[in-house]
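Here you go, one structure.
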Amino acid sequence: MPKLTINGKEVEVPEGTNLIEAAKAAGADVPHYCYHPALSIAGQCRLCMVDIDKVPRPQIACNIQAAEGMVVHTETEQVKETRRSMMEFHLINHPLDCAVCDQAGECFLQIYYMKHGLYDPRMTDEKVHKPKAVPLGPHVILDAERCILCSRCVRYCDEVTHTGELGIFHRGDHSEIGLFPGKTLENKYSGNVIDICPVGALTDRDFRFQVRVWYLDTAKSVCNGCARGCNIEVHTNKHRTHHNEGRRVARLKPRFNADVNKWWICDAGRYGFKWIDDKSRLAQPLHRVGAQATEVSWDRALPELVTTLQRTRPEEIGFLASPQMSNEDLWVLRRLAEQLGVRNVDFRVPPRAPGDEDSFLIRADKNPNSRGAELLGIGPGQGALDAAGMLRAAREKRLKLLWVFHHDLWAAAWPEAEVLEALEGAETVVFQGTNANDASARAHLVLPSAAYVEREGTFTNFEGRVQRFRTALTPPGEAWPDWMILSFVGKALGFQDSVFAAERSEQVFNALAKTVPAFAGMTYRGIGDAGATVKA
Amino acid sequence: MSENKTSEKIFTRNFHLADSHTLRLYRETGGYTALPKALRMEPAAITEEVKKANLRGLGGAAFPTGVKWGFIPKGSTEPKYLVVNADEGEPGTFKDRYLMERDPHALIEGMVIAARAIGSHTGFVYIRGEYVKPWRVLDGAVKEAYAAGLLGQNIQGSGFDFDIVLHRGAGAYICGEETGLLSSLEGKKGWPKIKPPFPAIKGAFGHPTIVNNVETIMAVPHIINRGAAWFAGLGTKSQGGTRLYSVSGHVVVPGVVEAPVSVTLRQLIYDRCGGIRGGKKLKAVVPGGSSAAILTPDEIDIQMDVEGPKSKGSMIGSAGIIVMDETVSIPEALMVVARFYAHESCGQCTPCRESTGWIYKMSRRIIEGKGRKEDLDTILDVAKRGAGTTICAFYDGAVGPYISYIEKFRSEFEDLIMRSAHA
């Protein structure tokens, strides 16, 4: 653990720490483009220069490791002058596209020019022109003129995904990023190059020109695309609702978590949010009689459900929960099932095709909370029916009330005809979820749920890490969080359990943590931004 | 002024003989006699002999060769590589081409000895792509050496194994830079590598590697045969031996000249190359390849070792001497050299990538009669700001001409700019 002095402040950093990171530890920001902590050192942007005592000229901080007794200065006149020069070099061939460039507001050329550049331009000759708006793959578009050749994207494809689609071609100021012949940038993690590009060279085909970044709000969240639970930020557009075809979720970005996803997310997760603003969103409870579905208020839907629950024997009721539901939802569901005496509870619906998986982030289980459901005991009681058994019983008219949470049963491994027969066999089908599907179309009562970005809660990933997601948006219409709907039902049934009186997700979580041994000792706030792991 | 040391030929001693590239002739003239001697020596003793000979790298950097060999980690069991830099691309330099064409076995013998010194069993010769004939000749010589048991397994019954791989470049100046060459050799884009680590610690394919120039390696058999003291005695205090000077431009007899490093630039131009062609006046000389700062006629009484050109703010570099007579337009010469550096900058480091192109545009504009009065100061400022800020020495090399051409011949540039409507 070398001790060194940076700008007069002594810091101790782990062996092998470079001077950019060491400076950060000392509260100093060393500007840089090509350095990225996940990638090999390139040392080519030459912006991170610092002065080191006894070394005659500034040195790049990215490739120098902190050493015992080193004395470093990040703000000397020589350093500032060097940075100004480097900014001038970076910008001489950069087009002044800021007005239309989608990186505006998030561009480190702009930011560093304002902080470290501010010079009168001397370049009066014609700039070098390079290809613009070149699609590299399904998600990424290249503007080679804006590229500053930091090579982050090239190193990412070489070192992180090991797919090697990108290279730097030509020489000198004609150098440009491009695809190797016959390649397209369509690996499963291609979108990450957009995040690590410090300028507007690589932009997102889905997001570009939809809404300016300064109109966006941000919330910390967790991807619900698979059991990994990658940490993300949800960027929402609430202020320019006429932009982006009314889509409120503008984009998802990875959020660093050293133990889960580091800096990355997969493309499936990044672009798998369109359902949130899809026309199929359920915003109002529906009551169906025959072929006629009518929008009703919760004041009518809840008593209808309560009455049905009351008149049906517990063994004739099945709860088909979902691993898309949060820990809080599942806990209230379990308490409700217990209070009702319902023992036919399950969440396992096998998908029609097995999910893809790799050795990096993507998990075969496409649900964010299967582990949570297991730990919270969401499963059939002894002698009770599992998911397949419930459908069979419904087909055989032994199960009268089937409460389906979120599942699109037509996407399951079960034959469609059997699913249809089951839904037609039950006297009452209740569908609770975010989006309409073939199951909701056959439900007698449809209860609209808030999407995970419209509420808060926790998921437990496949490694047992409990992670919080925060509210980014308000739910559409009268959609509510699942746990809240279940609480209202419990309360309406007159059950005294304290979770039915909860007003916030936090209260539900803290209650479950007191009861379920795996969660013992956890608190909602104690989970923090990085998550906390359950007891094995 | 006459030369103050022997004019004995070492590198070029067989150049005049027919079949000088063959194993037969090389052996007949004393070749491959250093090899058995070296194979009986301890590796450290070979390195020590090269150190004492005061042999400096003859590719351009002039780093002491024996010292460089000593950087290979002691006791390392990793594979070690010897790489010969035959990517001769410095404008004005063409000596290695002659060496490989006319005396290839001296290179092979030198490589085996150097490999023995550093503990390498594989050597690469990275040859400039355009050098077709040198490659063919060297390829033939390598085959001859294998057939004669001078390469391969158990060389001359010594138990020492050494193989040579010839690798042809694809035509990029930067691939003559030590680490750019290694990147290219590894099959990657020819971009210089960030240091540390240095090649002696982590070089080709991640293993300890020594990179030496063709001429440097070819000096080794002579040092082993005739001793370090003899070699050192041929030179000056700062550098031993003789070397080849590539002389081009407006001299009566251009070509490759071998001379002790104590020779002066004036002697090379006037005594060895017959003076300025057509009786014209000397205007300027580049002493060490295009990267070297230009010298004026009053600066040519310098010894052509490491220290001589340095004393005038220039460098000996690859010893490529470009002589310019009074008819040469220095602004045009700068434009030509600026075009070369803009074209050959690998594009890796920002200051080099951007400045070389920018300076070329400004220098071209001046020649086209569109110069602005601020252009000269801008070129000087841009050149100085970028100097010393890059991964390799390419840009520092480019800065030599940028600054010296303008500082020493400023009035010529100003005359052109004065005539411009944009001034």
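The values are calculated or read from the model by the stated rules, or taken from the named source; none is laboratory data. Every value quoted in this text rests on a predicted model; they were computed, and no experiment measured them. Because the Cβ atoms are built from the backbone with ideal geometry, glycine has one as well, and the counts that use them run over all protein chains shown. Note: accessible area is taken over every heavy atom of the protein model, side chains too, but ligands, DNA and RNA are not part of it. Shrake-Rupley method; radii C 1.70, N 1.55, O 1.52, S 1.80 Å.
Say each of B:Leu25 and B:Glu326 gets a label point 7 Å from the Cα, pointing the same way as Cα to Cβ; how far apart are those two points in nm?
4.3 nm
Now for a different question. For B:Phe198, what accessible area in Å² do you get when you roll a 1.4 Å probe over the heavy atoms of the protein chains, rounding to the nearest 10?
Counting only protein heavy atoms, the figure is 110 Å².
Okay, moving on. Sort the stretch B:9-102 into rounded, prolate or oblate with this rule: let a ≥ b ≥ c be the square roots of the eigenvalues of the Cα gyration tensor; rounded if a/c is under 1.5, and if a/c is not under 1.5, prolate when a/b is larger than b/c, oblate otherwise.
Oblate, since a/c reaches 1.5 and b/c is not below a/b.
Whole number please: convex hull volume per residue of the Cα set in the stretch A:28-107, in Å³? Spell out each step's value before the answer.
Details: hull volume 9.8 nm³, N = 80.
Taking the convex hull of the Cα positions in the stretch A:28-107, it is 122 Å³ per residue.
Suppose R0 equals 35 Å; then what is the FRET efficiency for A:Trp275 and A:Glu463 from their Cβ-Cβ distance, rounded to the nearest 0.05? Provide the component values of the computation, followed by the final result.
Values: r = 26 Å, r/R0 = 0.73.
Working from the Cβ atoms, E equals 0.85.
A further question on this structure: Measure nothing but the geometry: give the 0 to 90° angle between the long axis through the Cα atoms of A:77-91 and the longest principal axis through the Cα atoms of chain A, rounded to 10°.
Computed tilt is about 70 degrees.
Also, I was wondering about something else. Exactly which GluC sites (Glu not before Pro) in the stretch B:325-380 are in a DSSP loop and have at most 16 other Cβ atoms within 10 Å?
Details: sites: B:Glu326, B:Glu332, B:Glu344, B:Glu354, B:Glu368, B:Glu374; in loops: B:Glu326, B:Glu368, B:Glu374.
Counting only loop positions with at most 16 other Cβ atoms within 10 Å, the GluC sites (Glu not before Pro) in the stretch B:325-380 are B:Glu326, B:Glu368, B:Glu374.
Follow-up question, since we're still on this one. Cut-off under 14 Å on the C-alpha distance; same-chain residues fewer than 8 positions from A:Lys279 excluded. Which aspartates and glutamates are left, in chain and number order?
A:Glu245
Heavy atoms of the protein only, probe of 1.4 Å, neighbouring chains included. What is the accessible area of A:Phe209 in Å², nearest 10?
130 Å²
How high is the FRET efficiency from B:His16 to A:Thr163, r the C-beta distance, R0 56 Å, rounded to 0.05?
Details: r = 57 Å, r/R0 = 1.02.
Here the calculated transfer efficiency is 0.50.
With the cut-off at 35 Å, report for the protein assembly as shown the share of all Cα pairs above it, as a whole percent. Each step should come with its number before you reach the end.
Values: 291183 of 459361 pairs.
For the protein assembly as shown, the fraction of Cα-Cα distances above 35 Å is 63 percent.
Hey, another quick one. Test of understanding: what is the full-extension gain from B:Lys281 to B:Ala229, defined as 0.36 nm times their sequence separation minus their Cα-Cα distance?
Working it through step by step, the gained length comes to 14.7 nm.
Of the accessible area of chain A, with the probe set at 1.4 angstrom, what percent is carbon plus sulfur? Could the numbers behind the result be given before it?
Working: 11230 of 21720 Å².
Percent of accessible area from carbon and sulfur atoms in chain A: 52.
Could you give the angle, 0 to 90 degrees to the nearest 10, between helix A:416-425's Cα long axis and the longest principal axis of the Cα atoms of chain A?
50 degrees
If each of A:Lys80 and B:Gln153 carries a label point 7 Å out from its Cα toward its Cβ, how far apart are those two points in nm?
6.9 nm
Would you mind computing, in nm to one decimal, how far apart the modelled labels at A:Arg300 and A:Trp214 are, each placed 7 Å from Cα along Cα→Cβ?
My value for the distance between the label points is 4.8 nm.
Moving on. Taking amide hydrogens as modeled 1.01 Å from N in the peptide plane, which residues meet the under 5 Å criterion relative to B:Val125, leaving out close sequence neighbours?
Under 5 Å from the amide H of B:Val125 lie the amide H atoms of B:Val84, B:Val165, B:Leu166, B:His167, each far enough along the sequence or on another chain.
Can you give me the accessible area per residue for the protein assembly as shown, using a 1.4 Å probe, in Å²?
Value returned for the protein assembly as shown: 39 Å² of accessible area per residue.
Which cysteines in chain A lack any other cysteine whose Cβ sits under 4.7 Å from their own Cβ?
When partners are defined as cysteine Cβ atoms under 4.7 Å apart, chain A leaves A:Cys48, A:Cys62, A:Cys98, A:Cys101, A:Cys107, A:Cys147, A:Cys153, A:Cys157, A:Cys197, A:Cys226, A:Cys266 without one.
Counting partner chain Cβ atoms within 10 Å of every residue's Cβ in A:57-63, what's the average?
Mean partner-chain Cβ count within 10 Å for A:57-63: 2.
Just want to confirm a number: the relative contact order over the stretch A:403-487, from Cα pairs under 8 angstrom separated by 6+ residues, in percent.
Working: 126 pairs, mean separation 19.6, N = 85.
Answer for the stretch A:403-487 is 23 percent.
Also, I was wondering about something else. Per residue of B:194-200, what is the mean number of Cβ atoms on other protein chains within 10 angstrom of that residue's Cβ? Intermediate results must be reported in sequence, preceding the final value.
Working: counts 8, 2, 3, 0, 0, 0, 0.
Other-chain Cβ atoms within 10 Å of each residue's Cβ, averaged: 2.
Using C-alpha positions alone, give me the convex hull volume of chain B per residue in cubic angstrom.
Details: hull volume 54.5 nm³, N = 423.
Each residue corresponds to 129 Å³ of Cα convex hull volume.
I've got another one for you. Suppose we flag GluC sites (Glu not before Pro) only when DSSP calls them loop and at most 11 other Cβ atoms lie within 10 Å. Which is the longest uninterrupted stretch of chain A?
Numbers: sites that count: A:Glu15, A:Glu68, A:Glu126, A:Glu396, A:Glu503.
With a cap of 11 other Cβ atoms within 10 Å, the longest stretch comes to A:127-395.
Under 17 Å Cα-Cα from A:Lys130, which aspartates and glutamates qualify once same-chain neighbours fewer than 8 residues away are excluded?
Within reach: A:Asp97, A:Asp143, A:Glu145, A:Asp173, A:Glu176, B:Glu354.
Classify the stretch A:277-381 as rounded, prolate or oblate from the Cα gyration tensor: take a ≥ b ≥ c as the square roots of its eigenvalues, call it rounded if a/c is under 1.5, otherwise prolate when a/b beats b/c and oblate if not.
Working: a/c = 2.31, a/b = 1.39, b/c = 1.66.
Oblate.
Quick one: Cα convex hull volume of the stretch B:201-266, Å³ per residue? Please report the intermediate quantities before stating the final value.
Working: hull volume 9.3 nm³, N = 66.
Measuring per residue, one finds 141 Å³ for the Cα hull of the stretch B:201-266.
To make sure I understand the rule: partners must be lysines, Cα under 25 Å from the Cα of A:Lys514, and not fewer than 8 residues away in the same chain. Which ones qualify?
A:Lys491, A:Lys535
Using DSSP to call loops (not H, G, I, E or B), can you name the trypsin sites (Lys or Arg not before Pro) in the stretch A:299-395 whose Cβ has at most 15 other Cβ atoms within 10 angstrom?
On the way: sites: A:Arg300, A:Arg311, A:Arg334, A:Arg335, A:Arg343, A:Arg348, A:Arg352, A:Arg363, A:Lys366, A:Arg371, A:Arg392, A:Arg395; in loops: A:Arg343, A:Arg348, A:Arg352, A:Arg363, A:Lys366.
Sites meeting the loop and neighbour criteria: A:Arg352.
Membrane-span-like helices in chain B: DSSP H runs reaching 15 Å or more (Cα, own axis), mean Kyte hydropathy at least -1.0?
Values: long enough: B:104-118 (21 Å, 1.16); B:132-147 (23 Å, -0.11); B:214-226 (19 Å, 0.66); B:330-344 (21 Å, 0.61); B:350-367 (26 Å, -0.57); B:375-386 (16 Å, -0.16); B:394-408 (22 Å, -0.01).
The qualifying helices are B:104-118, B:132-147, B:214-226, B:330-344, B:350-367, B:375-386, B:394-408.
Related question: Summarise the partner chain shielding of A:102-113 as one whole number: the mean count of Cβ atoms from other chains within 10 Å of each residue's Cβ.
Working: counts 0, 0, 0, 0, 0, 0, 0, 0, 0, 0, 0, 0.
That works out to 0 on average.
What is the angle, in °, between the Cα long axis of helix A:482-492 and the longest principal axis of the Cα atoms in chain A? Nearest 10 is fine, range 0 to 90.
30 degrees
By its C-alpha gyration tensor, with a ≥ b ≥ c as the square roots of the eigenvalues, how is the stretch A:273-336 shaped: rounded for a/c under 1.5, else prolate for a/b larger than b/c, else oblate?
Values: a/c = 2.06, a/b = 1.09, b/c = 1.89.
Taking the square roots of the gyration eigenvalues as a ≥ b ≥ c, the stretch A:273-336 is oblate.
In the structure displayed, which of B:Lys68/B:Lys95; B:Lys74/B:Lys202; B:Lys51/B:Lys80; A:Lys115/B:Lys373 lie more than 24 Å apart, Cα to Cα? Intermediate values should be presented prior to the final figure.
Working: B:Lys68/B:Lys95 22 Å; B:Lys74/B:Lys202 14 Å; B:Lys51/B:Lys80 20 Å; A:Lys115/B:Lys373 31 Å.
Listed pairs above 24 Å: A:Lys115/B:Lys373.
Could I ask something else about it? Given the DSSP H assignment, sum -39500 (n - 2.57) over each helix run of at least 4 residues in chain A and divide by its residue total; what's the result at 222 nm in deg cm²/dmol, nearest 500? Intermediate results must be reported in sequence, preceding the final value.
Working: 13 runs with 119 residues, N = 536.
That comes out to -6500 deg cm²/dmol.
How big is the B-A contact in terms of buried accessible area, both chains counted, 1.4 Å probe, rounded to the nearest 100 Å²? Don't jump to the answer; show the numbers that get you there.
Details: alone 16670 and 23110 Å², together 37020 Å².
Roughly 2800 Å².
B:Ser411 accessible area, nearest 10 Å², 1.4 Å probe?
70 Å²
Here's something else I'd like to know. Which loop-located trypsin sites (Lys or Arg not before Pro) does the stretch B:54-117 contain, where loop means any DSSP state but H, G, I, E or B and the Cβ has at most 14 other Cβ atoms within 10 Å?
B:Lys74
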